[in-house]
Amino acid sequence: MKHWSDKIIKSGGTLRWSATADGEPGPGGDCIAWIQEKKIGLLGADNIAVEHIVPVEEKYNKIYKVGLIPLHVAVLEMLGCPLMELVNPEALSEDCAADGVYEFLFVWPPLNFWNATGGLCSPVAIK
């Protein structure tokens, strides 16, 4: 049985180029089943919402009964997979490329807030 431990942190260039009139880049509702199948334990991105933000993603809005952000509802509420927003993976990717080591312990200690639905964290990659 595979544990919910694999992490995905993607870069769509949002921190460098910002969003466009078409919305922000990122995964949409069509990857919800894949995240569940692969048992992804954390999903992070360099944009403000992780997922692709568009006015309406009707197909998935009907399935998951949410108006704007189907990935948030499905991944956070239904799968219990945390989302990391505004991640800057550039330094880590450069370090991995420099030494050829792409495996590391990823530690994500949240601030100690009770009954919070989101908050700041200080992620660390230990090689």
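Rule-based calculations on the coordinates, nothing more; no lab input. What you see is a predicted model, and the numbers here were worked out from it, not measured in a lab. Heads up, the Cβs are rebuilt from the backbone with ideal geometry, glycines too, and the neighbour counts pull from every protein chain shown.
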Cut-off under 5 Å, modelled amide H: who pairs with residue 84 long-range: 43, 44, 45
Packing rank of 101-110, 77-86, 25-34, 39-48, where each peptide gets the mean count of other beta carbons within 10 Å, highest leading: 39-48, 25-34, 77-86, 101-110
Residue-by-residue Karplus 3J(HN,Hα) for region 35-48, coefficients 6.51, -1.76, 1.60, Hz, glycine and proline x: 4, 5, 4, 7, 6, 5, x, 7, 10, x, 7, 8, 10, 7
